[in-house]
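Working notes for the structure below.
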Protein chains: 2
Amino acid sequence: MANIKDVARLANVSVATVSRVINSKGYVNEHTKELVMKAIEELNYVPNEIARSLYRKSSKIIGVIIPDLKNEFFNDMISGMEEVILHHGYKTMLCTSKESIDREKEYLQIFSTNKIDGLILCSNSPDIASYTNLDIPIVALDRIISKDIPSVTADNYMGGILAANRLMSLGCKNIVQFRGPSTVAPANERCNGFLETMNRDPYIRVHTVELDFSTDNTSEIYKFLITHPQIDGIFAGSDIIAARAMRCLKKLGRSVPEDVQIVGYDNISICEFTDPTITTIAQPIQSMGEIAAETLFKLIKKEPIEQLHITLPVELIERESTK
Amino acid sequence: MANIKDVARLANVSVATVSRVINSKGYVNEHTKELVMKAIEELNYVPNEIARSLYRKSSKIIGVIIPDLKNEFFNDMISGMEEVILHHGYKTMLCTSKESIDREKEYLQIFSTNKIDGLILCSNSPDIASYTNLDIPIVALDRIISKDIPSVTADNYMGGILAANRLMSLGCKNIVQFRGPSTVAPANERCNGFLETMNRDPYIRVHTVELDFSTDNTSEIYKFLITHPQIDGIFAGSDIIAARAMRCLKKLGRSVPEDVQIVGYDNISICEFTDPTITTIAQPIQSMGEIAAETLFKLIKKEPIEQLHITLPVELIERESTK
DNA sequence: TTGAAAGCGCTACCAA
DNA sequence: TTGGTAGCGCTTTCAA
């Protein structure tokens, strides 16, 4: 593979001149430029980004750590980010932590040695940032990891409130909340918003069941529902949970939304495919990814950012699982 | 950020010695080693991978191009790959082409300048590889892009046969095949296997409808089904299509599997969430990703590979959309 | 067992 | 407008 020296030799100029041409920087005679271009063409030359990176001490790579790829929620986020990152002329180094802090640390180490220019982090470990000697901009996504690290999250507290209000106005009196693990901040906020709203009505009974989202929790859902036949409303921590609950109810001979009404969370595509379709709290997932990336680039370019912690609005989407 | 020189100075040795220590290569006195280790610790030193990459002319990065992230099928593939890539000490640079050849070329260019060590490519452009001056190992995934580029695919032809046999043995006489675009090789193979099998029975009528998978094609499905009320069997090119068809049938008051039987394709999670659940042709998606990555590393290490084109078996998974 | 120095491919400074 | 060259941080030869 040809390098800048080869081009210089063929064009009969110095490497400095070639460099000026490929970077369109500094003075270079039109004729000389043509000579260089021809040599580049002939040798099929492409500049070596690694050498450039070494000189400029920056790789133009953005590191991204998310818990899991097998999750439409995170996929939509990444999809949003990738566009922005590409558009800014950077590359994406994508990593999944599988919710393991050791793996997060491993990737952080890799990022550190590879001189990434920015990091988008979706982690449950509040002190994760301290495990890195990375002195580059970081944006926390979906979860706040520290007071002074910029973040982009959805309004989870409001999500809980919206779900509660809906189920209440629908007349549900015996409600179960299948919530995510307490190690995950958004799950806690949703739970808080939900319970605080519910607690205003003394005639409503609310059960809370905490589930591990990373494994198949159908049997736990089933176990709860079979032992609590009086349940008439469900707030599910994710649309997947909502779909599973619906299947369990069906097996138990209870119909949705006639006997039990369900509100899910996220608004991923599955909501439209179940029967009945799922009423849910929609998060602006793709926007979250885009805004996180945009914020990161503002930090990289040392532009001012309006606010450290950006909270995006959520919205209730009415479908068939409520009436 | 400290560099190797700083460490050398602090430990009172040469950079060559530090290099030997951090690479555990060549002779170095036990005591000297300790001194160096202490200096590394004290300075919080991490070697600069970019400088290393420049020297060794390899970035330890694997480029991955897939059509779309918002597709469970590809996510599962990537999930499989990532593990293998990490395990081999490499990094993943992930890119989505959005089925655009220009975007593929753009990323190929980026890969070329970034000296990636290997490429996993899922593309519909048969001549895409020629657009790159990359002289690195390439593995084609899910689709064969050229006779001499190693590939990992599922047995799409057999998938078509399995689906056809099932619908035939179920007694369907009026069948529609909602197939993927003819620009996508796997869609063609499935179609061939399906039609060749179906054609053996002169009493069966088969319609073929070609759909664009990248947009919402529900209305086309609906239009076909409403104008062909005699349909009693459907072979869907993906589980998503199968799910959409089921919703359309429901709207039309036709029940699955009583009036119409459906076989999907892929075996993604949605199969379990619809009602009825979807009978489908299962592809070993995650394995495809893993094997593609394993093959790539064999090529990188110049180890022999057993066969250039690996075809993985598919399997019919019986669920409720057939009886 | 250690160190000096060349070189990986590039950019940018300074001189000409 | 051009070229020589130092230097980005590292590895590896070669000599000591």
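Bear in mind these aren't lab numbers, they're just calculated from the coordinates by the rules spelled out. It should be emphasised that the depicted structure is a prediction, and the values quoted were computed from it without experimental measurement. Note that we place each Cβ from the backbone using ideal geometry, even for glycine, and neighbour counts take in every protein chain shown.
Using a ≥ b ≥ c from the Cα gyration tensor of the range A:138-203 (square roots of the eigenvalues), is it rounded, prolate or oblate, where a/c under 1.5 gives rounded and otherwise the larger of a/b and b/c decides, a/b for prolate?
Prolate shape, in that a/c is at least 1.5 and a/b is the bigger ratio.
Any chance you could tell me what percent of the C-alpha pair distances in the range B:118-158 go past 11 Å?
Here the long-distance tail beyond 11 Å is 63 percent of all Cα pairs in the range B:118-158.
Which chymotrypsin sites (Phe, Trp or Tyr not before Pro) in the range B:1-104 sit in a loop by DSSP (not H, G, I, E or B) and have at most 16 other Cβ atoms within 10 Å of their own Cβ?
Listed in order of number, the matching sites are B:Y27.
At 7 Å along the Cα-to-beta-carbon direction for both A:A16 and B:S169, put a label point, then send me their distance in nm to one decimal.
7.9 nm
Run the label-point distances for B:P304 please: 7 Å along Cα to Cβ, every other copy, nanometres, shortest first.
Between copies, matching label points for B:P304 lie 6.8 nm apart.
How many angstrom lie between the C-alpha centres of the range B:81-127 and the range A:101-143?
About 23 Å separates the Cα centre of the range B:81-127 from the one of the range A:101-143.
Can you give the Rg to Rh ratio for the range A:56-172, taking only C-alpha atoms and Rh from Kirkwood?
1.07
In deg cm²/dmol, rounded to 500, what helix-only [θ] at 222 nm does the protein assembly as shown give when every DSSP H run of at least 4 residues adds -39500 (n - 2.57) and the total is split over its residues?
Estimated from H runs of four or more residues: -13000 deg cm²/dmol.
Based on the Cβ-Cβ distance of A:S182 and B:E196, what FRET efficiency does E = 1/(1 + (r/R0)^6) give at R0 = 56 Å, to the nearest 0.05?
Computed FRET efficiency for A:S182 and B:E196 comes out at 0.50.
Which residues' amide hydrogens lie under 5 Å from the amide hydrogen of B:T92, considering only partners 5 or more residues apart or on another chain, with H built in the peptide plane?
Hits under the 5 Å cutoff: A:L94, B:I62.
If amide hydrogens are placed 1.01 Å from N in the peptide plane, which non-local residues have theirs closer than 5 Å to the one on B:D155?
Long-range HN contacts for B:D155: B:L312, B:V314.
Hey, what do the phi angles of the range B:17-26 turn into as Karplus ³J(HN,Hα) couplings, whole Hz, using 6.51/-1.76/1.60 and θ = phi - 60°, x for Gly and Pro?
The phi angles translate into 5, 4, 4, 4, 5, 5, 9, 6, 9, x Hz.
What share of the DSSP beta bridges in the protein assembly as shown is antiparallel, in percent to the nearest 5?
Expressed as a percentage, antiparallel bridges in the protein assembly as shown total about 10.
Residues in the range B:88-120, backbone N under 16 Å from the label point at B:D148 (7 Å along the Cα-to-beta-carbon vector): list them, ranges by number please.
Within reach of a label on B:D148: no residues.
Run the label-point distances for A:T183 please: 7 Å along Cα to Cβ, every other copy, nanometres, shortest first.
4.4
Please list, short to long, the whole-number percent of alpha-carbon pairs of the range A:162-262 in consecutive 5 angstrom bins beginning at zero.
Calculated P(r), rounded to whole percents: 2, 13, 27, 25, 20, 10, 2.
Would you mind checking the tilt of helix B:218-227 against the longest principal axis of the Cα atoms of chain B, expressed as 0 to 90 degrees and rounded to 10?
20 degrees
For B:E258, place a label point 7 Å from Cα along the Cα-to-Cβ direction in every copy; what are the distances to the other copies, in nm, shortest first?
1.5
Please turn the phi angles of the range B:50-59 into ³J(HN,Hα) values with the Karplus equation 6.51 cos²θ - 1.76 cosθ + 1.60 (θ = phi - 60°), one per residue in order, whole Hz, x for glycine and proline.
3J(HN,Hα) across the range B:50-59, in whole Hz: 5, 4, 4, 4, 4, 5, 7, 6, 7, 9.
Run the numbers on chain A and let me know its relative contact order in percent, using alpha-carbon pairs under 8 Å that are six or more apart.
17 percent
When A:F235, A:F297 are ordered from fewest to most other Cβ atoms inside 10 Å of their Cβ, what list results?
So the ranking, lowest neighbour count to highest, is A:F297, A:F235.
Over the Cα atoms of chain A, how large are the radius of gyration and the largest Cα-Cα distance (Dmax), in Å?
Expressed in Å, the Cα Rg and Dmax of chain A come to 25.9, 88.
Over the Cα atoms of the protein assembly as shown, each weighted equally, I'd like the Debye log10 I(q)/I(0) at q = 0.05, 0.08 Å⁻¹, rounded to two decimals.
Here log10 of I(q) over I(0) equals -0.28, -0.70.
How large is ³J(HN,Hα), in whole Hz, for each residue of the range B:36-46 in order, when computed from phi with the Karplus curve 6.51 cos²θ - 1.76 cosθ + 1.60 and θ = phi - 60°, using x for Gly and Pro?
5, 4, 5, 5, 4, 4, 4, 8, 6, 7, 10
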